[in-house]
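Asker: This is the structure, below, for whatever I ask next.
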Amino acid sequence: MMIDEILMYAFVVFWVAWVAVSKKEPGRWLIRFCEGPLTTFATFIDWNVGRMAGFFVWFSRNPAAALSIKGEEMKLRVEIPGVTPEKAAEYERELEELRKRQPVGEPMVRLNIGTAMLLVLLFIALYLITILIRGWLAP
Amino acid sequence: MTATIESMQPTFAIMCPAIVSILILLFGKWPNIRESWTLIAAIAQFLIVISMAPVILAGNIIECTFFTMLPGVDFGFSVDAFGLIFAITSSFLWILVSLYSIGYMRSLNEHAQTRFYFFFALAIFGAVGIAMSGNLFTMFIFYEILTVSTYPLVAHEQTPVALAAGRKYLAYLLTSGTFFLAAIVLTYYFSGTTDFVNGGIPNLASEASRAALMVLFVIFLLGFMKAAWMPFHSWLPTAMAAPTPVSALLHAVAVVKAGVFGIIRVVCYIYGVDLMSALGLGLALVCLATFTLIVANLFALAQDNLKRRLAYSTINQLSLIIFGVALLSYEGIEGAMMHIPFHGFMKITLFMCAGAIMVASGKKNISEMAGIGKKMPVTMIAFTIGALGMCALPPTAGYITHHLFVHGCEEAGGSMTIFPYILLIVAILDVMYFFPIIYTAFFKKSKDGGDRRIQEAPIFMLIPIAITATVSIIFYFYPDLFYISDLVHTAISGLMGGHP
């Protein structure tokens, strides 16, 4: 029997004994750490990854307009502290005009999931059949 | 000496679920006939797959080539010992999950059941196709079929949560697919082939620079996000919105196993153990796997939803497989290959138990399960067996592979000798999040006295649970069940020769 195996059994015995005596699970501080800071950090990372993916989707709809919007936003952030409120409001209006050039979403024909996936798979099957026939007919 | 046998057997095995998917659509209005077709196809597929085992164990490879896409890139199947292990696992578990699905879907009176069975069959078509692919190109096609066919299963409920989970699932896995395609193109550019070769593609090392090979390996890893290694894991817990048979399919049989299967293929059959070692990629992969092992377990500790806790446990166990192969030692790779079926059986037991609890009591959270062990003893005993396996405790299959991983670390030597202690910490964390479930179910008393109407789930659900739990124990005493142990030894002999 290896040392890690003995330690493992020792921990199992300790866990069971601890629960039997104190009626509470051992390692509450670790569980609290996992439920608190660790989960918050994970949610933060996940949210940012989602935001990044969302940005790419938004960017891809009209990359040229997206670039100018980001450029204008950057300019505003740099200039706003040094201009009058009237000028700042004018900048904001210009930015709003610019933002209208970037489509928020595109109208699309919606299919139910089953039909859509069936169509995708049919296309894959058709592609494979075509390649297969081409392979068989080739000299 | 390896001999190649031309046969249509792999095609027949792969086509079983493809053909039955059409029959499922045709007989959609007759549930009994529709589900009978599923079961017949699952049994037929398993029989065809298992019939190939004696041929493979005799040192042969079964091949079936359809056409040549480019010089050196064929579309075809090639069944070797490692591929057969995955195929046997997938096809056998399909029988049990089909049986379980009948009980689950009918008990909950789920909508769109024909669609569910149709895409379920297609997912198995993809999984067995991956197992029997002879090269990266064929594998890629089935890899994408698997991704596309599992999306409607994840989004099955069609609630906003389920649809969001489906979108996240597709976003991760289709992005991963593009990386995989890029890696295939680069491999072809460097070596002129994408075939899986025992010990790695011979001219890969000579044709590409060291840096290029390292970058290529990273692209391959990104291509296998199905293995849910951190930080690209969050699609997996989110996909828990799916019905339980789908979770079982995702986490035990098809999707995640396809990911780790792909990583093992790349490490052992594209790069080869020697090249991996020379590039120092083994240690890098071990570090990545170790990070995932520990962090996934910490996340699991924080979950109250049973299925989400099991999902994080899956991320942990998948990394254990990656860890084993990254050791680049005989016993490490042996453990990794063996853990694919062993984990499959243990984890599917756990998921099916979670589904049975949901059907019988409507409970999803661990904190609500006080005293449920007394009302559902068969389910919770099976759950305990699966949990012991996850904690690497005897008498379960998990104990066998844990031993192999520890021996693998010692065999690898050098800095790897520290990793058995990390495996110990991981196993302790496993105990910390699995034992409270067992304790809550059997020893805690429900505050409201419990619902007296709760009883065991329907028999269609209990039979598969009992079978998988029993097999998890049988593997401990007889790892050669379904030829698994022999196939693993045959696969590694081809890679590294005999045991050192």
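The values are calculated or read from the model by the stated rules, or taken from the named source; none is laboratory data. Just so it is clear, the structure is predicted and the values come from calculations on it, not from any experiment. No Cβ is skipped: glycine too gets one built from the backbone with ideal geometry, and neighbour counts run over all protein chains shown.
Asker: Condition test on A:F41, is it more than 8 Å from chain B (Cβ to nearest Cβ), at pLDDT 85 or above, under 40 Å from the mean Cα position of the chain (by Cα) and assigned to a helix (DSSP H, G or I)?
Answerer: The answer is yes for A:F41.
Asker: Select from segment B:261-280 the residues that are of a type in the set (G, A, S) and more than 13 Å from B:I201 (Cβ to Cβ) and write down the one among them that is surrounded by the most Cβ atoms within 10 Å (Cβ to Cβ). Explain how you work it out, then say what you get.
Answerer: Just the residues of segment B:261-280 that are of a type in the set (G, A, S), to begin with: B:262, B:272, B:277-278, B:280.
This time we only want the ones that are more than 13 Å from B:I201 (Cβ to Cβ), so: B:262, B:277-278, B:280.
On the way: B:G262: 25, B:S277: 15, B:A278: 14, B:G280: 11.
Result: B:G262.
Asker: Search segment A:54-74 for residues that are closer than 16 Å to A:E96 by Cα and pair each with any residue that is outside any helix (DSSP H, G or I) and among the charged types (D, E, K, R) when their beta-carbon atoms are under 6 Å apart and the residues are at least 6 apart or on different chains.
Answerer: Listed pairs, sorted by first residue: A:A65/A:R101.
Asker: In this structure, is B:F77 assigned to a strand (DSSP E or B), crowded, with 18+ Cβ neighbours inside 10 Å and of a type in the set (A, V, I, L, M, F, W, C)? Step through it out loud before you land on a result.
Answerer: Working: assigned to a strand (DSSP E or B): yes; crowded, with 18+ Cβ neighbours inside 10 Å: yes; of a type in the set (A, V, I, L, M, F, W, C): yes.
It is true that B:F77 is assigned to a strand (DSSP E or B), crowded, with 18+ Cβ neighbours inside 10 Å and of a type in the set (A, V, I, L, M, F, W, C).
Asker: Looking at (1) farther than 28 Å from B:Y169 by Cα; (2) within 13 Å of another protein chain (Cβ to nearest Cβ), which is the only condition A:V49 fails?
Answerer: All conditions pass for A:V49, except number (1).
Asker: Can you tell me which of A:V13, A:V19 is within 12 Å of chain B (Cβ to nearest Cβ), modelled with pLDDT of 85 or more, exposed (fewer than 13 other Cβ atoms within 10 Å of the Cβ) and closer than 28 Å to B:V295 by Cα?
Answerer: On the way: A:V19 fails: exposed (fewer than 13 other Cβ atoms within 10 Å of the Cβ).
Checking each option against the conditions leaves just A:V13.
Asker: When only residues in segment A:27-38 that are of a type outside the set (A, V, I, L, M, F, W, C) and facing chain B (nearest Cβ under 7 Å) count, which is farthest from B:M230 (Cα to Cα)? Please lay out each step first, then the result.
Answerer: Within segment A:27-38, the first condition is being of a type outside the set (A, V, I, L, M, F, W, C), and the residues that meet it are A:27-28, A:32, A:35-37.
Filter again for facing chain B (nearest Cβ under 7 Å), leaving A:27, A:35.
Values: A:G27: 24, A:E35: 18 Å.
Out of the qualifying residues, it is A:G27.
Asker: Considering only segment B:353-377, state which residues are aliphatic (A, V, I, L, M), assigned to a helix (DSSP H, G or I) and either farther than 21 Å from B:F342 by Cα or at pLDDT below 90 (or both). Quick ask: steps written out before the conclusion?
Answerer: First, pick out the residues of segment B:353-377 that are aliphatic (A, V, I, L, M): B:354, B:356-360, B:366, B:369-370, B:372, B:376.
When the remaining residues are screened for being assigned to a helix (DSSP H, G or I), the result is B:354, B:356-360, B:366, B:372.
Those that are aliphatic (A, V, I, L, M), assigned to a helix (DSSP H, G or I) and either farther than 21 Å from B:F342 by Cα or at pLDDT below 90 (or both): B:A356, B:I357, B:M358, B:V359, B:A360, B:I366, B:I372.
Asker: Which of (1) out of contact with any Leu (no Cβ under 7 Å at 6 or more places or on another chain); (2) of a type outside the set (D, E); (3) in a helix (DSSP H, G or I) does B:Q303 not meet, given it meets every other one?
Answerer: (3)
Asker: A further question follows. Please determine, by comparing only the residues of segment B:390-415 that are away from every other protein chain (no Cβ under 14 Å) and in contact (Cβ under 8 Å) with a residue 12 or more places away in the chain, which one is nearest to B:L429 (Cα to Cα).
Answerer: Going residue by residue through segment B:390-415, those that are away from every other protein chain (no Cβ under 14 Å) are B:397, B:412-415.
Filter once more, so that each one left must be in contact (Cβ under 8 Å) with a residue 12 or more places away in the chain: B:397, B:412, B:415.
Working: B:A397: 19, B:A412: 25, B:S415: 23 Å.
Restricting to residues being away from every other protein chain (no Cβ under 14 Å) and in contact (Cβ under 8 Å) with a residue 12 or more places away in the chain, the top hit is B:A397.
Asker: Given the conditions (1) within 14 Å of another protein chain (Cβ to nearest Cβ); (2) out of contact with any Lys or Arg (no Cβ under 7 Å at 6 or more places or on another chain); (3) of a type in the set (A, V, I, L, M, F, W, C); (4) buried (at least 20 other Cβ atoms within 10 Å of the Cβ), report the number of the one that B:L204 does not fulfil.
Answerer: (1)
Asker: I'd like to verify a number: residues in segment B:356-384 that are of a type in the set (G, A, S) and under 16 Å from B:T314 (Cα atoms), how many?
Answerer: Of all residues in segment B:356-384, those of a type in the set (G, A, S) come to B:356, B:360-362, B:367, B:370-371, B:373, B:382.
Filter once more, keeping what is under 16 Å from B:T314 (Cα atoms): none.
Of the residues in segment B:356-384, 0 are of a type in the set (G, A, S) and under 16 Å from B:T314 (Cα atoms).
Asker: Scan segment B:161-180 and report the pairs whose first residue is surrounded by 15 or more Cβ atoms within 10 Å (Cβ to Cβ) and whose second residue is of a type in the set (S, T, Y), with Cβ atoms within less than 6 Å and a gap of 6+ or a chain change.
Answerer: Close Cβ pairs (under 6 Å, with a partner that is of a type in the set (S, T, Y)) amount to B:A165/B:T238; B:G166/B:Y151; B:K168/B:T238; B:L170/B:Y151; B:L173/B:T147.
Asker: When A:V104 is evaluated against the numbered criteria (1) under 28 Å from the mean Cα position of the chain (by Cα); (2) part of a helix (DSSP H, G or I); (3) at pLDDT below 75, which criterion, by number, is the only one it fails?
Answerer: (2)
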